[in-house]
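The values are calculated or read from the model by the stated rules, or taken from the named source; none is laboratory data. What you see is a predicted model, and the numbers here were worked out from it, not measured in a lab. Ideal geometry is used to build each Cβ from the backbone, glycine not excepted, and the neighbour counts take in all protein chains shown.
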Amino acid sequence: MRERPSIESLLELFADGKVSAAARLITILEDGGKDAERVLDSIFQRTGNAYRIGFTGPPGAGKSSLLNRVTAKFRAKDHRVGIIAIDPTSPFTGGAFLGDRIRMQAHSEDPDVFVRSLASRGSLGGISNCTDEVVDLMDAFGKDLVLIETVGVGQSELEISEKAHTVVVVLVPESGDGIQAMKAGLMEIGDIFVMNKADHEDAEGAAREIQDTLRLKDIPEGEWEPKVVLTSAREETGIDDLIDVIEEHRRHLDEGGRFANMRKKILRSRVRNALMDRMERRLRASDKVRELLEQRMESVYRGEMSPYMVVRELEELVSIQ
Amino acid sequence: MARKVRVLVAKPGLDGHDRGAKVVANALKDAGMEIIYTGLHQTPEMIAESAVQEDVDVVGLSILSGAHMTMFPRVMELMKEKGAEHIVIFGGGIIPAEDVEKLEKIGVARIFGPGTDTGDIVKFIRERFPEE
Ligand SMILES: Nc1nc2c(ncn2[C@@H]2O[C@H](COP(=O)(O)OP(=O)(O)OP(=O)(O)O)[C@@H](O)[C@H]2O)c(=O)[nH]1
Ligand SMILES: [Mg+2]
């Protein structure tokens, strides 16, 4: 029942713009391994055109509702939009409840909007390990804007800042969110801070609080100064302002080669991470390494060898010229 | 590289009760599956397109409104058009026995009546998609 068409035929259908093929290729990317690499190898040449915008913030801040509004505006400007909505996998059951689509169903029949929900699976932060690859696939599928939603917990906010060109931090006026944001490290990664649920009366005060905190930051001359925007996804206010600021940030990156540098940095860290990952897996899988390690550990337990003596010996074994 | 079972749970029709759908979604999640929940008032077009984009293995529809004889065939037809006829579809709700028979004849995998033990639904999916 789980038979899948061959990767070749999926890639052909994908090139013809078939959504079902794109969706099945995403599943292959999610499952990882050799097949995922084959898919990425063959689509990568067609990537590089999508602008990536990350939306992160505490649970229930209104990220999905905001994405829904923002997508409508971007569609009116003729952008083709890909959305990746990531929710956490339960560490206890391995299951996940992916509910972000509920807020975005207005776009489900628009052929130029592709929404995919991902569970974070093995990743420690709130983000999925294959996020980059799924962005690439949407990029190669012709989406020129890719919006990524992640819950701002754990390490995910750091990860999103390594993947997105513009990071939008979504906050709500509810008690102490400004402080929470500072604690969680959200203040460092946001290019834009949205105070959503502006239909609540304390929103303006909360926005001012964020603004005051941002003023304390030392921003070098000519660099981007994070902006604060008030929105209500419910009442559809402030959405145009948010779009304006996102576009302003994009223009800022386009100046002086910032964007090109950022792109290189992102790709560099992807290669490095993939390499480290691969090396670690190979080390773990090697019988030779394991045997030698087990032997030498006895000497370490007895205090005859220091940990580094063992490491140096193992290094010889796997030496890379 | 265990392949996760992905299930779309939706509530078509006009009535505003999705308690049953949520209970099922939660049970499947607790059984280790990935549930894409699209909520209330789903049209056949929304359901089929979401199922395709999310590349789910299974679609579960909770129906109380009596529109089942149009809803299921329409969703299945649309999924087929979109190249996703492999997706298993099941339903839950109050559906007369003769209709259940008709639906199963056109390819609905199973209809679960009211008061179904969610464990049975988990089992039904697991039988088709064992953990790899
Ligand atoms: N009053 C008000 N409620 C809002 C606004 N935006 C979203 N909500 C409500 O806030 C709740 C959460 O909205 P979501 O868009 O699902 O929030 P989210 O940040 O995507 O949530 P998670 O993905 O679960 O972290 C829903 O009940 C929304 O209707 C807003 O601007 N004003
Ligand atoms: Mg959400």
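Before moving on, here are some points about what is shown:
- So A:Lys73, is it in contact with a Gly (Cβ under 7 Å, 6 or more places away or on another chain) and among the basic types (Lys, Arg): no
Residue by residue, here is whether (1) among the charged types (D, E, K, R); (2) modelled with pLDDT of 95 or more; (3) within 16 Å of B:Ser50 (Cβ to Cβ) holds:
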| site | (1), (2), (3) |
| --- | --- |
| B:Gly66 | no, no, no |
| B:Met69 | no, no, no |
| B:Glu77 | yes, yes, yes |
| B:Glu81 | yes, yes, yes |
| B:Gly92 | no, no, no |
| B:Ala97 | no, no, no |
| B:Val108 | no, yes, no |
| B:Thr116 | no, no, no |
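- A:Ser117 vs. criteria closer than 24 Å to A:Pro58 by Cβ, hydroxyl-bearing (Ser, Thr, Tyr), in contact with a helix residue (DSSP H, G or I) (Cβ under 7 Å, 6 or more places away or on another chain) and within 12 Å of chain B (Cβ to nearest Cβ): yes
- Boolean, A:Asp241 is part of a helix (DSSP H, G or I) and either out of contact with any Gly (no Cβ under 8 Å at 6 or more places or on another chain) or outside the structural domain of A:Arg69 (by TED's automatic domain parsing) (or both): yes
- Residue in the range A:119-134 that is aliphatic (A, V, I, L, M), at pLDDT 95 or above, more than 13 Å from ligand 1 (Cβ to nearest atom) and buried (at least 19 other Cβ atoms within 10 Å of the Cβ) present: yes
- Residue match in the range B:21-32 (condition: of a type in the set (Lys, Arg) and outside any strand (DSSP E or B)): yes
- Candidates A:Gly48, A:Gly32, A:Gly60: the one that is in contact (Cβ under 8 Å) with a residue 40 or more places away in the chain, among the small types (Gly, Ala, Ser) and within 16 Å of ligand 2 (Cβ to nearest atom) is A:Gly60.
- Answer residue from the range A:12-27, given it is surrounded by fewer than 17 Cβ atoms within 10 Å (Cβ to Cβ) and not in a loop (DSSP other than H, G, I, E, B) and is nearest to the other protein chains (Cβ to nearest Cβ) among those: A:Glu12
- Which listed residue is under 21 Å from the mean Cα position of the chain (by Cα) and more than 25 Å from A:Ala76 (Cα to Cα), from A:Ala274, A:Ala207: A:Ala274
- Selected residue [within 20 Å of the chain's Cα centre (by Cα), crowded, with 19+ Cβ neighbours inside 10 Å and within 14 Å of another protein chain (Cβ to nearest Cβ)] from A:Glu30, A:Glu37: A:Glu30
- Residues of the range A:69-102 classified as surrounded by fewer than 20 Cβ atoms within 10 Å (Cβ to Cβ), assigned to a helix (DSSP H, G or I) and near ligand 1 (Cβ under 10 Å from one of its atoms), total: 1
- Out of A:Leu10, A:Leu67, A:Leu98, sole residue that is among the aliphatic types (A, V, I, L, M) and farther than 22 Å from A:Val168 by Cβ: A:Leu10
- Whichever residue in the range A:196-232 is in a loop (DSSP other than H, G, I, E, B) and touching a strand residue (DSSP E or B) at 6+ places or on another chain (Cβ under 8 Å) and, among such residues, is farthest from ligand 1 (Cβ to nearest atom): A:Pro226
- Selection from the range A:283-305 of residues that are in contact (Cβ under 8 Å) with a residue 12 or more places away in the chain, in a helix (DSSP H, G or I) and surrounded by 11 or more Cβ atoms within 10 Å (Cβ to Cβ): A:Leu283, A:Val289, A:Leu292, A:Leu293, A:Arg296, A:Met297
- Considering the range B:53-74, and only residues there that are touching a residue at least 60 places away in the same chain (Cβ under 8 Å) and either within 13 Å of another protein chain (Cβ to nearest Cβ) or part of a helix (DSSP H, G or I) (or both), the residue that is farthest from A:Ala21 (Cα to Cα) turns out to be B:Val58.
- Residue under evaluation B:Ile36, criteria (1) under 12 Å from the mean Cα position of the chain (by Cα); (2) within 13 Å of chain A (Cβ to nearest Cβ); (3) in contact (Cβ under 8 Å) with a residue 40 or more places away in the chain; (4) over 18 Å from B:Glu131 (Cα atoms), criterion not met: (3)
A quick yes/no check of all residues on (1) surrounded by 15 or more Cβ atoms within 10 Å (Cβ to Cβ); (2) within 14 Å of chain B (Cβ to nearest Cβ); (3) within 16 Å of ligand 2 (Cβ to nearest atom):
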{"site": "A:Ile192", "(1), (2), (3)": "yes, no, no"}
{"site": "A:Asp199", "(1), (2), (3)": "no, no, no"}
{"site": "A:Arg208", "(1), (2), (3)": "no, no, no"}
{"site": "A:Thr213", "(1), (2), (3)": "yes, no, no"}
{"site": "A:Leu216", "(1), (2), (3)": "no, no, no"}
{"site": "A:Lys227", "(1), (2), (3)": "yes, no, no"}
{"site": "A:Thr231", "(1), (2), (3)": "yes, no, yes"}
